[in-house]
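Colleague: There's a structure below that I have some questions on.
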Amino acid sequence: MSSTIGMLALRCLLPGFVGTSAPDWVRRRAAEGLGGLVLFARNVDDRNQLRALTDALHHERPGLLIAIDEEGGDVTRLEAKAGSSYPGNLALGAAGDAELTEKVAAAMGARLAEAGIDLNLAPVADVNTNPLNPIIGVRSFGSDAPAVAGQVAAWVTGMQGAGVAACAKHFPGHGDVAVDSHVALSIATEDPRERALEPFKAAIAAGVRAIMSAHIVATALDDLPATISPRVMSGLLRDELGFQGLAVTDGLEMRGLSDGRGVAEAAVLALAAGCDALCVGGGLAGEDVVDSILEAIVGAVDDGRLPEARLREAASRVDALAGWRSRQGAPKTTSDDIGLEAARRAVTADGEVRVGERAVVVQLESEPSIAAGKIPWGVEAALAARGVRLDAVGSVVIVVRDLHRHPEHRAQVDTLLRQHPDAVLVEMGVPACRPDRARGYIATHGSARVCAIAAAEVMRP
């Protein structure tokens with residue numbers, strides 16, 4: 001990579017790769033000046049392996065930004081094999097204690113800093129105003145904009161206080177949709193200025209270092225997806241809200257953006273609109289996609305569609321964030337205990353929810369969101385750890401996730417409750433549907449491992 005334009009373009013890329021060690025092409029690109037990398041669960045075995053990986057990558061270029069999606073709760077990369085030690089946003093919102101949220105984020109940040117992570121692509125700052133939203137749900141702090149704003153600010157403060165940059169997402173708000181932008185274009189009909197922008201304003205006021213765009217159309221603002229809309233990413237984010245940090249795209253290969261235009265063209269349009277760092281690699285994780293994006297960016301500068309000054313500005317913001325990270329102190333020592341404390345504060349129970357020494361657990365499986373992936377969930381292990389014998393007879397425990405979004409599960413639950421009126425219903429998603437027949441009801445506000453432990457403690461004190 002010799003041309004100046006090519007080097008600037010490379011600095012704006014944050015691709016992904018497959019495996020728990022860096023392929024040769026990743027090391028080579030890092031040494032050439034690659035802006036950063038995004039790690040996924042597929043890149044993580046354990047803490048020691050992850051630190052060895054990030055050390056090797058930073059050895060190629062100390063200013064390389066290593067990013068990860070570690071939201072806590074249902075979306076965890078560090079603990080994808082066992083479930084998170086920290087509750088997610090909805091649980092923290094249910095606890096309703098900004099100081100607690102800051103402590104949880106600080107503990108997560110300390111673990112990330114220890115692992116060599118520079119940028120955490122969190123928190124979700126979306127206000128979940130549509131209960132049928134298939135991709136946000138428990139990832140949101142809630143449906144009340146002022147409350148969400150307070151939680152977002154606390155989370156950003158805690159994470160960045162630990163020395164890891166936070167990234168509020170998905171601007172200008174992904175909460176008012178009914179379609180997952182991973183699979184199709186999402187439409188938000190409510191003007192983001194009514195509610196959705198409030199948490200982003202709070203994040204900016206708290207000094208958030210990065211903001212991620214949404215592949216959604218906010219019809220009150222533009223008819224283009226926000227990621228490629230100059231009105232949104234420049235006019236609204238920069239000029240109106242005054243944000244001067246790093247604007248990061250959501251995954252360019254997500255179909256809400258790439259359908260009909262392709263990944264490389266989407267990258268060019270995102271830069272032109274005002275985005276700085278281009279994320280790709282959740283699905284397309286080879287050097288070929290990097291090559292195609294670089295070629296498209298260089299071509300767009302050559303033919304005048306992308307001003308060189310805009311590309312330089314984008315690359316300088318990547319460098320500025322790397323510079324901020326380099327000035328942070330050594331990782332702080334921390335404990336995971338705050339995660340379980342927060343999960344206990346979040347769990348709610350109503351009616352008779354205690355179970356006996358033997359229990360039958362009926363877990364109704366639902367397809368995990370693309371953002372979360374396949375993460376262990378449920379209460380069986382947590383109940384067993386408290387001495388409950390899991391058997392074919394005993395107290396009946398029904399475990400669901402987002403019951404309100406799954407009519408087939410509602411029918412199954414109704415049948416089970418008719419057959420077992422004393423069954424305990426445990427909702428580990430958004431608690432938007434409590435069946436009338438449910439005498440005993442527990443809401444964990446998320447399916448993190450610690451949320452299951454908190455629920456088990458309520459069922460078997």
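The values are calculated or read from the model by the stated rules, or taken from the named source; none is laboratory data. The shown structure was predicted, so the numbers you read here are calculated from the model rather than taken from an experiment. When we count neighbours, we look across all protein chains shown, and the Cβ atoms used for this are built from the backbone with ideal geometry, even at glycine. With ligands, DNA and RNA removed, areas are computed over all heavy atoms of the protein, side chains included. Shrake-Rupley method; radii C 1.70, N 1.55, O 1.52, S 1.80 Å.
Colleague: Only one of (1) open to solvent by less than 10 Å² (accessible area, probe 1.4 Å); (2) over 21 Å from the mean Cα position of the chain (by Cα) is not met by F200, so which one is it?
Modeller: Failing condition for F200: (2).
Colleague: Condition first: without any contact (Cβ under 8 Å) to a residue 12 or more places away in the chain and basic (K, R). Now tell me which residues in the range 435-461 satisfy that.
Modeller: Within the range 435-461, no residue meets the criteria.
Colleague: Looking at the range 92-113 only, could you name the residues that are closer than 14 Å to T334 by Cα and among the aliphatic types (A, V, I, L, M)?
Modeller: Once the filter is applied, which keeps residues that are closer than 14 Å to T334 by Cα and among the aliphatic types (A, V, I, L, M), the range 92-113 yields V104, A105, A106, A107, M108, A110, L112, A113.
Colleague: V393 fails exactly one of the following numbered conditions: (1) crowded, with 17+ Cβ neighbours inside 10 Å; (2) at pLDDT below 95. What is the number of that condition?
Modeller: (1)
Colleague: Can you spot a residue in the range 329-346 that is buried (at least 17 other Cβ atoms within 10 Å of the Cβ), in contact with a strand residue (DSSP E or B) (Cβ under 8 Å, 6 or more places away or on another chain) and assigned to a strand (DSSP E or B)?
Modeller: Among the residues of the range 329-346, not one is buried (at least 17 other Cβ atoms within 10 Å of the Cβ), in contact with a strand residue (DSSP E or B) (Cβ under 8 Å, 6 or more places away or on another chain) and assigned to a strand (DSSP E or B), which makes the answer no.
Colleague: Do you know which residues across the range 236-270 are without any contact (Cβ under 8 Å) to a residue 40 or more places away in the chain and charged (D, E, K, R)?
Modeller: Residues satisfying the conditions are R238, D239, E240, E253, R261, E265.
Colleague: Something else now. Would you call S292 among the hydroxyl-bearing types (S, T, Y) and either open to solvent by 70 Å² or more (accessible area, probe 1.4 Å) or modelled with pLDDT under 95 (or both)?
Modeller: no
Colleague: Here is a follow-up. With the condition kept exactly as written, say whether any residue in the range 261-273 is under 21 Å from L64 (Cα atoms) and not in a helix (DSSP H, G or I).
Modeller: No, the range 261-273 contains no residue that is under 21 Å from L64 (Cα atoms) and not in a helix (DSSP H, G or I).
Colleague: G163 - would you say it is more than 28 Å from G283 (Cβ to Cβ) and not in a helix (DSSP H, G or I)?
Modeller: Answer is yes for this residue.
Colleague: Starting from residues that are of a type in the set (G, A, S) and assigned to a loop (DSSP other than H, G, I, E, B), keep the ones in the range 347-369 and report whichever is surrounded by the most Cβ atoms within 10 Å (Cβ to Cβ).
Modeller: Here the residue is S369.
Colleague: In the set L34, L8, L78, which member is part of a loop (DSSP other than H, G, I, E, B), closer than 23 Å to G299 by Cβ, open to solvent by less than 40 Å² (accessible area, probe 1.4 Å) and in contact (Cβ under 8 Å) with a residue 24 or more places away in the chain?
Modeller: Residue meeting the stated conditions: L34.
Colleague: Where residues in the range 81-100 are in a helix (DSSP H, G or I) and among the hydrophobic types (A, V, I, L, M, F, W, C), which of them is nearest to A113 (Cα to Cα)?
Modeller: L100
Colleague: With the requirement that a residue be outside any loop (DSSP other than H, G, I, E, B) and aliphatic (A, V, I, L, M), what does the range 413-427 give you?
Modeller: Within the range 413-427, V413, L416, L417, V424, L425, V426 meet the criteria.
Matching residues to (1) buried (at least 24 other Cβ atoms within 10 Å of the Cβ); (2) without any contact (Cβ under 8 Å) to a residue 60 or more places away in the chain; (3) closer than 27 Å to A113 by Cβ; (4) among the β-branched types (V, I, T):
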{"residue": "D144", "(1), (2), (3), (4)": "no, yes, no, no"}
{"residue": "Q151", "(1), (2), (3), (4)": "yes, no, yes, no"}
{"residue": "A154", "(1), (2), (3), (4)": "yes, yes, yes, no"}
{"residue": "M159", "(1), (2), (3), (4)": "yes, yes, yes, no"}
{"residue": "H174", "(1), (2), (3), (4)": "yes, yes, no, no"}
{"residue": "L185", "(1), (2), (3), (4)": "no, no, no, no"}
{"residue": "A188", "(1), (2), (3), (4)": "yes, yes, no, no"}
{"residue": "E194", "(1), (2), (3), (4)": "no, yes, no, no"}
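Colleague: Now for a separate question. Considering only residues that are part of a helix (DSSP H, G or I) and open to solvent by 30 Å² or more (accessible area, probe 1.4 Å), look in the range 50-75 and name the one that is nearest to K103 (Cα to Cα).
Modeller: Here the residue is R51.
Colleague: Since V164 meets every condition but one in (1) β-branched (V, I, T); (2) open to solvent by 40 Å² or more (accessible area, probe 1.4 Å); (3) at pLDDT 95 or above, which condition does it not meet?
Modeller: Condition not satisfied by V164: (2).
Colleague: Report, by residue number, each residue of the range 188-242 that is closer than 20 Å to P123 by Cβ, in contact with a strand residue (DSSP E or B) (Cβ under 6 Å, 6 or more places away or on another chain) and assigned to a loop (DSSP other than H, G, I, E, B).
Modeller: Result: P192, V208, R209, A214.
Colleague: Would you pick out the residues in the range 217-229 that are over 25 Å from A67 (Cα atoms) and either open to solvent by 50 Å² or more (accessible area, probe 1.4 Å) or hydrophobic (A, V, I, L, M, F, W, C) (or both)?
Modeller: Result: V217, A218, T219, A220, L221, D223, L224.
Colleague: Is it fair to say V127 is in contact with a strand residue (DSSP E or B) (Cβ under 6 Å, 6 or more places away or on another chain), open to solvent by less than 40 Å² (accessible area, probe 1.4 Å) and either polar (S, T, N, Q) or on the phi < 0 side of the Ramachandran plot (or both)?
Modeller: No, not satisfied.
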